[in-house]
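Beneath this line is the structure, given in structure tokens, with notes to follow.
The values are calculated or read from the model by the stated rules, or taken from the named source; none is laboratory data. Note that the structure is predicted; figures quoted are calculated from it, not measured. Cβ coordinates were reconstructed from backbone atoms using ideal geometry, including for glycine residues, and neighbour counts include every protein chain displayed. Each accessible area value is taken on the protein alone, full model and side chains, heavy atoms only, with ligands, DNA and RNA left out. Shrake-Rupley method; radii C 1.70, N 1.55, O 1.52, S 1.80 Å.
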Amino acid sequence: MLDEAAIAITTGAASNVIAYLAQGRADAIRNRVSAIFRHGGASQEDAALVALADDTEALAQHRINQDQATARWVGLLTAALAAHPGAHSDIAALASTPAPAKTVSIGSQHNHGNGTFVGGDNHGTIQSGSPSQP
């Protein structure tokens, strides 16, 4: 049985996994998940990566909620830590990783010169490339 500190670490790590999945950033967390479950061999690593992909899809399609996914990952990480104490540093690193923040990029575009500009404001007249027919 794991102590309270170990349970807290696995819970924090699971929460971070789900934070990444909820934002559609599974690729950003894939290597860390792989490193954790690699301690159990290639088959456990592969199973964890399949679970990561499955949960990404299930969350996106609203088949499971974040609490259900977090509970699953707490179980997976707790089992990995109990079976392979050497995974502790990898799990602790994942737990201490800041959860991703959603970012929004806001830009501005101003078009100068002749021509048609898509997605921006047009100032002045718009002329076609051929002379007008009477």
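What about ILE29, is it open to solvent by less than 60 Å² (accessible area, probe 1.4 Å) and more than 18 Å from LEU59 (Cα to Cα)? If you could, list the steps in order and put the result at the bottom.
Details: open to solvent by less than 60 Å² (accessible area, probe 1.4 Å): yes; more than 18 Å from LEU59 (Cα to Cα): no.
So ILE29 does not fit the description; no.
I want to confirm something. Restricting to segment 1-26 and keeping residues that are outside any helix (DSSP H, G or I) and within 19 Å of the chain's Cα centre (by Cα), which single residue is nearest to ALA92 (Cα to Cα)?
Selected residue: ARG25.
Only residues that are loosely packed, with under 14 Cβ neighbours inside 10 Å and over 11 Å from ALA22 (Cα atoms) were counted in segment 48-60, giving 2. Against the conditions (1) open to solvent by 50 Å² or more (accessible area, probe 1.4 Å); (2) closer than 20 Å to SER96 by Cα, ALA14 satisfies every one except (1). For beta carbons closer than 7 Å, sequence separation of 6+ or different chains, a first residue in segment 66-83 that is open to solvent by 70 Å² or more (accessible area, probe 1.4 Å) and a second that is part of a helix (DSSP H, G or I) and among the acidic types (Asp, Glu), the qualifying pairs are ARG72/ASP55. Scan segment 114-132 and tell me whether some residue there is closer than 19 Å to GLN23 by Cβ and at pLDDT below 95. Among the residues of segment 114-132, not one is closer than 19 Å to GLN23 by Cβ and at pLDDT below 95, which makes the answer no.
For segment 60-69, a residue qualifies if it is closer than 18 Å to THR11 by Cβ and either in a loop (DSSP other than H, G, I, E, B) or hydrophobic (A, V, I, L, M, F, W, C) (or both), and the qualifying residues are ILE64, ASN65, ALA69.
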